[in-house]
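**Q** Questions regarding the structure given below will be posed in turn.
Throughout, read-outs are computed from the coordinates displayed, never taken from laboratory work. These numbers come from a predicted model, not from an experiment. Every residue, glycine as well, gets a Cβ built from its backbone with ideal geometry; the counts of neighbours run over all protein chains shown.
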Amino acid sequence: MTKEIRIGLVGCGFMGRTHTNGYKRVGDFFPELSYRPILKAVCARNKEKVAAFAQQWGYESYETDWNRLIARDDIDAIDICTPNNMHAEIAIAAAKAGKMILCEKPLARTLPEAASMVKAIEQARVKNTVWYNYRRIPAVTLAKKIVDSGKLGRIFHYRANFLQDWTINEHLPQGGKAFWRMDANAAGSGVTGDLLAHCIDTAMWLNGAIKDVSAVTETFVKQRMHEETGRLQDVKIDDACIFHCHFENGSLGLFESTRYARGHKALYTFEINGEHGSLKWDLHDLNRLDYFNHRDESELRGWRSILVTDGDQPYMDKWWVPGLSIGYEHSFVHQVADFLHSLESGQACAPSFRDALETQKVCEAVLHSASSGQWQQTDVVWAAETQ
Ligand SMILES: NC(=O)c1ccc[n+]([C@@H]2O[C@H](COP(=O)([O-])OP(=O)(O)OC[C@H]3O[C@@H](n4cnc5c(N)ncnc54)[C@H](O)[C@@H]3O)[C@@H](O)[C@H]2O)c1
């Protein structure tokens, strides 16, 4: 029998759309799941905008105050798609009200804020997950299977980049609706929390705990007009961040992220090099996973480019026929499906708030290291068996 899970979405921007698309598609493509999301209510502050969003995407109702959304007894799960400064307040209130919580990444602006969220959801014992959705891109999930199978052998290197170019114009403001990512009060940090958090989540999922880090950050444009105050103010976010690290398993990591790499819009790439083989992946060609197997017959040995579209590859039996690609939005459909499946199985839906706290520890250590000029321990505890 189908059971309903009534969704209350907070925030109807970019992520509000990707998540809603996930809720709407999941039942069609994962018909075996016994839970079905119901688009019960969406919340944002502007009445006209939220009403239009509800109408366009098929929400039954809307609210303009998230407290009212949480107070409703016809909502089972709160989905947090707001800027980072709102995550903690909403999640803690939702946990106290006994709601399930799906929260966007990064979990919070700072480690203490994130820790208070973990405490709240663990005390309330509510179901929770964080939308580190890149894990659910089939080629990335296949990378995880290959690493876990031991085919790469001992891992020596992990390398990741996340490159963009949208803030190079020095006349762009900071703050407000469109540019909250450039305001430290709203975002917490710059590329570290926004982009490297994704790279760190994937890296620890694939390669285990990051033990310590040494980082540099740069803010290329030092002052920008603040949209809300109308004043020229110091920019307090990191425009670019490079760090290297040791993983618990003895391998070395190298990470770079910037919003100043002219020509790159969202170039997320990672590569992992082991004793017997290597893997590399590129978001711009997200259905492909490149694999080098040193154990191949020497004459034929070389990088193979695997088009991850066959039914026996992760998630792909749900979609079209072999050879036909899927896109970015499908990773969110997969995350919804995995969350609904976790309700049936009683297992945690990774990454949980606690897993996301470990990523937050690395982000915090990166920022500390950049300001102190010293190596920084992360104190990450990564329980591989729960991933
Ligand atoms: N998983 C990913 O790949 C990914 C990608 C982009 C953004 N994100 C994360 O998702 C979150 C939202 O980012 P976005 O790009 O969707 O932002 P956005 O600016 O497009 O949308 C934010 C929404 O939050 C609403 N909002 C702000 N304050 C509110 C309040 N007090 N009450 C109710 N609604 C409020 C805004 O009206 C807007 O609808 C951020 O935490 C961001 O880091 C994750």
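**Q** Report, in cubic angstrom per residue, the convex hull volume of the C-alpha atoms of the chain. Mind showing how you got there, number by number?
**A** Details: hull volume 56.1 nm³, N = 387.
Value for the chain: 145 Å³ per residue.
**Q** Are there GluC sites (Glu not before Pro) in the stretch 256-315 that DSSP marks as loop and that have at most 11 other Cβ atoms within 10 Å, and which are they? List each step's numbers first, then the result.
**A** Working: sites: E256, E271, E275, E297, E299; in loops: E275, E297.
Loop-located and lightly packed - E275, E297.
**Q** Restricting the calculation to Cα positions, tell me the Rg (one decimal) and the Dmax (whole number) of the stretch 84-129 in Å.
**A** That works out to 9.2, 24 Å for Rg and Dmax.
**Q** Sequence-distant or interchain residues sharing an amide H contact under 5 Å with L9, placed H: which?
**A** For L9, the qualifying residues are A41, V42, C43, D79.
**Q** Can I ask one more? With each pseudo-label sitting 7 Å past Cα toward Cβ, what's the E60-H368 distance in nm, one decimal?
**A** 4.7 nm
**Q** Write down the percent of antiparallel bridges among all DSSP beta bridges whose residues are both part of the chain, to the nearest 5. Each step should come with its number before you reach the end.
**A** Details: 43 of 73 bridges.
Of those bridges, close to 60 percent are antiparallel.
**Q** Considering the zone a paramagnetic label at S345 would reach in this model (a point 7 Å from Cα along the Cα-to-Cβ line), which residues of the stretch 110-147 have amide N under 20 Å from it?
**A** Hits in the stretch 110-147 for S345 at 20 Å: 126-147.
**Q** Using +1 at the Cβ of each Lys and Arg and -1 at the Cβ of each Asp and Glu in the stretch 6-55, identify which of V50, T20, L39 lies farthest towards the dipole's positive end.
**A** V50
**Q** Let me ask something else about it. Efficiency by 1/(1 + (r/R0)^6): what FRET value for D285 and N185, r their Cβ-Cβ distance, R0 = 25 Å, to the nearest 0.05? Show your work: numbers first, answer last.
**A** Numbers: r = 36 Å, r/R0 = 1.46.
Calculated value: 0.10.
**Q** Sticking with this one: Please give the contour-minus-distance gain from S305 to K145: 0.36 nm per residue of separation, less the Cα-Cα distance, rounded to one decimal in nm. Intermediate values should be presented prior to the final figure.
**A** On the way: separation 160, 0.36 × 160 = 57.60 nm, distance 1.62 nm.
That works out to 56.0 nm of additional length.
**Q** Also, I was wondering about something else. Hey, got the Cα dimensions of the stretch 111-213 along the principal axes, in Å, largest first?
**A** Here the Cα extents, ordered largest to smallest, are 49, 41, 29 Å.
**Q** Please identify the trypsin sites (Lys or Arg not before Pro) of the stretch 121-198 that satisfy two criteria: DSSP loop assignment and at most 12 other Cβ atoms within 10 Å. Which are they? Let's see the in-between values first.
**A** Details: sites: R125, K127, R135, R136, K144, K145, K151, R154, R159, K177, R181; in loops: R125, K127, K151, R154, K177.
Qualifying residues, ordered by number: R125, R154, K177.
**Q** Another question, if that's okay. Can you give me the distance in nm between label points at F29 and W166, each placed 7 Å from the Cα along the Cα-to-Cβ direction?
**A** Calculated label separation equals 2.3 nm.
**Q** Same structure again: May I ask you to work out the translational diffusion coefficient for the stretch 3-133 at 4 °C, viscosity 1.567 mPa s, via Stokes-Einstein with Rh from the Kirkwood sum over Cα pairs, reported in whole µm²/s? Walk me through the intermediate numbers first.
**A** Working: Rh = 14.7 Å.
It diffuses with D of about 88 µm²/s by this estimate.
**Q** Next question, about the same structure. Assuming R0 = 35 Å, can you tell me the calculated FRET efficiency for the pair D312 and M1, based on Cβ-Cβ distance, to the nearest 0.05? Write down the numbers at each step before the final one.
**A** On the way: r = 30 Å, r/R0 = 0.86.
For R0 = 35 Å, the calculated efficiency reads 0.70.
**Q** If the elastic network links every pair of Cα atoms under 10 Å, which of E364, E329, E60 fluctuates the most in the Gaussian network model of the chain?
**A** E60
**Q** Please identify every one of the GluC sites (Glu not before Pro) in the stretch 79-131 that sits in a loop by DSSP and has no more than 11 other beta carbons within 10 Å of its own beta carbon.
**A** Details: sites: E89, E104, E113, E122; in loops: E104.
Answer in residue order: no site qualifies.
**Q** Follow-up question, since we're still on this one. Given a Förster distance of 30 Å, report the FRET efficiency between R231 and L324 from their Cβ-Cβ distance, rounded to the nearest 0.05. Walk me through the numbers before you get to the answer.
**A** Working: r = 52 Å, r/R0 = 1.73.
Efficiency, rounded to the nearest 0.05: 0.05.
**Q** Same structure again: Ranked by Cβ crowding within 10 angstrom, fewest neighbours first, how are M316, M86, M182 ordered? Numbers along the way, then the final one.
**A** Working: M316 23, M86 19, M182 27.
With the sparsest Cβ surroundings first, the list reads M86, M316, M182.
**Q** Let me ask something else about it. Given Cβ point charges of +1 (Lys, Arg) and -1 (Asp, Glu) and nothing else, what value in debye, to the nearest 20, does the dipole of the stretch 135-386 about its Cα centre take? Don't skip to the answer; put the middle values down first.
**A** Values: 25 positive and 34 negative charges, 50 e Å.
Here the stretch 135-386 has a charge dipole of around 240 debye.
**Q** Viscosity 0.692 mPa s, temperature 37 °C: Stokes-Einstein D of the stretch 242-387 from its Kirkwood Cα radius, in µm² per second? Could you put the intermediate results ahead of the total?
**A** Numbers: Rh = 18.6 Å.
The diffusion coefficient I find is 176 µm²/s.
**Q** Let me ask you something else. Which of the residue pairs K49/K265; K119/K361; K40/K99; K40/K127; K151/K280; K144/K361 have a Cα-Cα distance greater than 20 Å in the structure shown? Walk me through the numbers on the way to the answer.
**A** Details: K49/K265 27 Å; K119/K361 15 Å; K40/K99 14 Å; K40/K127 18 Å; K151/K280 14 Å; K144/K361 22 Å.
Correct reply: K49/K265; K144/K361.
**Q** Remind me, what semi-axes does the stretch 174-257 give for its equivalent ellipsoid, largest first in whole Å, using sqrt of 5 times each Cα gyration tensor eigenvalue?
**A** On the way: eigenvalues 190, 31, 11 Å².
Square roots of five times the eigenvalues give 31, 12, 7 Å.
**Q** Based on C-alpha coordinates, I'd like the Rg and Dmax of the stretch 1-73, in Å.
**A** Cα only, the stretch 1-73: 12.5, 38 Å (Rg, Dmax).
**Q** Here's something else I'd like to know. Per residue and in cubic angstrom, what volume does the convex hull of the Cα atoms of the stretch 268-320 have? Spell out each step's value before the answer.
**A** On the way: hull volume 5.1 nm³, N = 53.
Expressed per residue, the convex hull around the Cα atoms of the stretch 268-320 is 96 Å³.
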